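Comments concern the structure below.
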Amino acid sequence: LILLLFAPFAPYAACSRIFLVNSTEALQQVVGIAQDGDSIELEQHQKSYACPAHGEGVLIQSSITLRGNMKAGIAIAEFDCQGVGRALLVQGWVSVTLTGLSFRGGVAPRGGAVMAESARELTITDCTFQNNTMTGASLLDLGAAVSVELASRSLLTVQSSIFRSNFDHSGTISGGGLGCLSSAACRDTRVEIKDTTFQDNYCGGWGGGAAVIFQGASSNNTVMFSSGSFSNNLAGAWGAGIFVQYQGPASRNLVSITGTSFSTNYAGGLGGAVAVTYAGASVNCSVVVTGASLASNFASGNYGGGIALHHAGESVSGT
């Protein structure tokens, strides 16, 4: 079922369209014809949506909003992939918003639930990611549930969401819940994670809860975590809760962690809760941790049971 509504922004302006769909097949059809500014809403009486059989996910190549339905603050419109493949694939310099959705049982080399390739903006609000798996073996495969390729001037926002029991099947890659990677020089990019829970996620590499890695030269980039929680996450290497790394020359980058709690996370290397490292030369870069709570985190690499900072200017207060 596809229902199309028109909602003009203003007299003589182009109309934005609202589509109502009640199946994955209908969603794929609508996404194929969607234009920038359109909204797609999953019909409220349909609670479960299968993932496409081809495994790559529903392809989104326009700037749209995909909206599920909520009950008592919980997303009840669910993509249940049942180990078949990925739910959604975002491609191109577009702005996409996902809200009120649940993703379960997705499987892909990276981004078992959602993969975004060089999007201008990806906004995720009130979403739940549970029991999603990444199967890749490359160090460039990040994010068991959500994988985002960062580009200059791009923005990732995750707010009021949950990452729970997502898993790195190969035991070698990074970002047990969320993984972000820039593969080239990157500047003026923002990653903002707000009021979001990371619980019981696992990866064999870096960042049991979340990993953000800048491969090339980087400048004026901001990675921010605020008012969230990380508990019972496991990383085989560094940063069981959060791992941030700048691999190339870096200048004027900021990592900010504010009002976030970390408990019972375990890292096989350094940083039981958090690890931030600069592998290349860095100028005017800073790590600011304010008002955080750290309890019962563990790092088997001898250093940084709570926080490990490597070649990073740092400021820790009220923590």
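The values are calculated or read from the model by the stated rules, or taken from the named source; none is laboratory data. Remember, it's a predicted structure, so these values are computed and weren't measured experimentally. Here the Cβ is made from the backbone with ideal geometry for all residues, glycine too, and neighbour counts use every protein chain on show. The protein model used for the area step is the full one, side chains on, heavy atoms only, and it has no ligands, DNA or RNA in it. Shrake-Rupley method; radii C 1.70, N 1.55, O 1.52, S 1.80 Å.
Among the residues of the stretch 15-55, the ones that are out of contact with any strand residue (DSSP E or B) (no Cβ under 8 Å at 6 or more places or on another chain) and at pLDDT below 70 come to 1 in all. Residue pairs whose Cβ atoms lie under 8 Å apart, sitting 6 or more positions apart in sequence or on different chains, and linking a residue in the stretch 22-43 that is open to solvent by 70 Å² or more (accessible area, probe 1.4 Å) to a partner that is outside any strand (DSSP E or B) and modelled with pLDDT of 95 or more, are 35/62; 36/62; 36/63; 36/64; 36/94.
A count restricted to the stretch 177-199 and to residues that are over 21 Å from residue 270 (Cβ atoms) and not in a strand (DSSP E or B) stands at 7. The set of residues in the stretch 70-100 that are modelled with pLDDT under 95 and touching a Phe, Trp or Tyr at 6+ places or on another chain (Cβ under 8 Å) comprises 77, 78, 79, 80, 81. Criterion first (open to solvent by 20 Å² or more (accessible area, probe 1.4 Å), within 20 Å of residue 96 (Cα to Cα) and basic (Lys, Arg)) does residue 153 satisfy it? Criteria met by residue 153.
For the stretch 264-284, the set of residues classified as of a type outside the set (S, T, N, Q) and open to solvent by less than 20 Å² (accessible area, probe 1.4 Å) consists of 267, 269, 271, 272, 273, 274, 275, 276, 278, listed by residue number.
Where strands (runs of 3 or more DSSP E) sit wholly within the stretch 87-143, those with at least 2 residues that are open to solvent by less than 20 Å² (accessible area, probe 1.4 Å) occupy 88-91, 95-99, 101-104, 114-117, 121-125. Taking the stretch 153-174 as the range and being modelled with pLDDT under 95 and in a loop (DSSP other than H, G, I, E, B) as the test, the residues that pass are 169, 170, 171, 172, 173.
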